Amino acid sequence: MRSAAPVSVGWLAAGIGLLLLFPLSSPDAFLLDVFTTGFLLAAFAASWDVVGGVSGQITLGHALPFGAAAYACALLTSLAGWPLPLAVAAAILLAAAVGMGIGALSAPLAGPFVALLTLALGEIAHEAAVGHTFFSGPGGYAWGGEGGIPVALPWRDAPPFSSYYAALAFLCLASFGMLRLSRSGAGLILRAVAGSPITAQASGVPIARFKRLAFAAGSAFAGAAGAGFALHMGRATATDLSLELSFQAATFAAVGGRGTIAGPVVAALVLHVLFQGLYLPPSARVLLYALTLLVTLRFFPGGVVGTARELASRLGRRDGTRPARRGGRNRTGEGTR
Amino acid sequence: MSALLSAEGISKSFGDTQVLSGISLSIAPGEPVGLFGPNGSGKTTLVNILSGLLPPDAGTVRFDGKEITRLPLDARYRLGIARTFQIPHPYPGLSVREAVRVALTVNAGKRKEGGGTREDAEGPAEDLLARTGLFDQRFVPCARLSQGCLRRLEFARGLACRPRLLILDEIFSALSAADEGDLTALLRAANRDEGTAFLLVSHNPPLLKGLCRRILVLEEGRIVRERNV
């Protein structure tokens, strides 16, 4: 996998500036809600990229830590009466532990077997959540099943723009954290493990430990997004654990460019806002996501960022390959010294 | 002198095929040893067992007096046993410098106890790349390297842990005369200046005679001859 995309600070500032100003244009509550869920899904897509892109562990059960954190948040606030910040922190820790467990189970496996294992684990959790009304809430209401479990929020009817700004702030912080991770020494080792596990191991890398790290880190960020999603929706539902959600995250990463973090964030935002904004039924949206993935894999296997890099690289070669300028970045995203 | 690496009674079979039968060998600190044998004699299997990529069916491997028979490849590298591959497996998305940094970062982590950072590996990476003649290609993606440069990169990766023993599996095969000359000089320098012992697997007897003090001949999974050069 290539290193994280060298995002231009100017473009980034312009994008964040536009998103900050957007609520001032008096959009309706529906559009604000679409953007808010888009920010949370974008962070979720980037967290998939930590595992499936940067670290090369293709997971089809990434909704498991997302949903586990959402359910933990709901149960701890509604059933155990925990204060919200404590419940959110515990939910993120739980998601990281779930990721650590998935990483430990998948450590001896490679390629499609990791995908199959994560798919199976995710589906077991989803079926368990759908099929059981395992708690009785106050007033005799059955909790669980398709209806999910409510989150006890300390506020009532928060204005839509507050959720919007909170989700945007979360996306910026989480993306920054994930970019920093992917560009750190640990991130470099994760990309080595993704590229050639045997060479990485022959370079002294304990593969199993770094696989667990990849799943734990990606799952912690997924869990944070899941907890945020549960707060925004007011409840955790079985959909938070669904294969459809895992598939969406993988699609966003493939379209944006695997291993780039920024690519999946942008792809998730654009595709989610576009498809939701078209007022399409859920089944049509799934079809559109599938078609987008097929077209991307067939014609742009490196995703948007990968294709842009390839084009830039070809143009550079046509003009005569030059060494990267001092202080700039070369084709692999490495800075020169 | 006590052995740096010793193997006793190493046997390995794949299904019904017995590949190695009761091999015993030892390498002294700083000793350059060659391993020669026809195709299918079990050289790569022996290298895989000595480097920790494969467990033996029977026998023990010791390094510096400690038994390491079940120690995996990565742990042996951190201990000071580095190996190269007959067919290099480069990281497709990393540059040459990043590939060397991976090994250096892991090693820096071992030295610092608190875990290595990319910065810990920067200076040594540049030095290692200059030493192995890869400095000008440090920003080139590994996937675009020529066969000669890939072998140099394998060598650089091996040197990154400051090895006490280098196990080199056919590192000189399919190289140009210039690349072979450069790698030979590098190997001699590592042996002479840093006292690095090596086990060099090759099909080329003149090359082995030129580089090694002792040559082991492997045939049908057994060491049939041992020659001092």
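The values are calculated or read from the model by the stated rules, or taken from the named source; none is laboratory data. Quantities reported herein were computed from a predicted structural model and do not represent experimental measurements. As a convention, Cβ positions derive from the backbone with ideal geometry for all residues, glycine included, and neighbour counts pool all protein chains shown.
Restricting the range A:289-301 to residues that are surrounded by fewer than 16 Cβ atoms within 10 Å (Cβ to Cβ) and of a type in the set (A, V, I, L, M, F, W, C), which is nearest to the chain's Cα centre (by Cα)? Show your work before the answer.
Taking the range A:289-301 first, the residues surrounded by fewer than 16 Cβ atoms within 10 Å (Cβ to Cβ) are A:290-291, A:294-295, A:297-299, A:301.
When the remaining residues are screened for being of a type in the set (A, V, I, L, M, F, W, C), the result is A:290-291, A:294-295, A:297, A:299.
Numbers: A:Ala290: 18, A:Leu291: 20, A:Leu294: 20, A:Val295: 21, A:Leu297: 19, A:Phe299: 24 Å.
Looking at the filtered set, the residue picked out is A:Ala290.
Considering the range B:63-100 alone, what residues qualify as being crowded, with 16+ Cβ neighbours inside 10 Å, part of a loop (DSSP other than H, G, I, E, B) and facing chain A (nearest Cβ under 9 Å)? Across the range B:63-100, the qualifying residues are B:Pro72, B:Phe85, B:Pro88, B:His89, B:Pro90, B:Tyr91, B:Gly93, B:Leu94.
Restricting to helices (runs of 4 or more DSSP H) lying wholly in the range A:148-242: which have 1 or more residues that are within 14 Å of chain B (Cβ to nearest Cβ) and touching a Leu at 6+ places or on another chain (Cβ under 7 Å)? Break it down into steps so the answer makes sense when it comes.
Working: elements: A:160-183, A:185-195, A:197-202, A:207-233.
Filter on the range A:148-242 gives A:185-195, A:197-202, A:207-233.
Listed conditions (1) in contact with a Phe, Trp or Tyr (Cβ under 9 Å, 6 or more places away or on another chain); (2) buried (at least 24 other Cβ atoms within 10 Å of the Cβ) are all met by A:Phe170, apart from (2). Comparison of A:Ala14, A:Ala70 shows that the only residue that is touching a strand residue (DSSP E or B) at 6+ places or on another chain (Cβ under 7 Å) and of a type outside the set (Lys, Arg) is A:Ala70.
A single entry from A:Met100, A:Met178 fulfils the requirement of being among the aliphatic types (A, V, I, L, M), closer than 30 Å to B:Arg97 by Cβ and in contact (Cβ under 8 Å) with a residue 40 or more places away in the chain: A:Met178. Do we have B:Phe172 as among the aromatic types (Phe, Trp, Tyr) and closer than 11 Å to B:Arg83 by Cα here? Against the criterion (among the aromatic types (Phe, Trp, Tyr) and closer than 11 Å to B:Arg83 by Cα), B:Phe172 does not qualify. Whenever a residue of the range B:146-157 is outside the structural domain of B:Val102 (by TED's automatic domain parsing) and of a type in the set (Phe, Trp, Tyr), its partners that are modelled with pLDDT under 95 and assigned to a helix (DSSP H, G or I), lying with C-beta atoms within less than 8 angstrom and at least six residues away or across chains, give the pairs B:Phe155/B:Leu183; B:Phe155/B:Leu186; B:Phe155/B:Leu187.
The rows are residues; the columns are (1) at pLDDT 90 or above; (2) of a type outside the set (A, V, I, L, M); (3) in a helix (DSSP H, G or I).
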position	(1), (2), (3)
B:Ala121	no, no, yes
B:Arg157	yes, yes, yes
B:Pro163	yes, yes, no
B:Ala189	yes, no, yes
B:Arg192	yes, yes, yes
B:Gly210	yes, yes, yes
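Mind checking which helices (runs of 4 or more DSSP H) fall wholly inside the range A:1-108 and carry at least 1 residues that are farther than 26 Å from A:Val130 by Cα? Write out each step before concluding.
Numbers: elements: A:9-21, A:29-48, A:63-78, A:84-106.
In the range A:1-108, the matching helices (runs of 4 or more DSSP H) lie at A:9-21, A:29-48, A:84-106.
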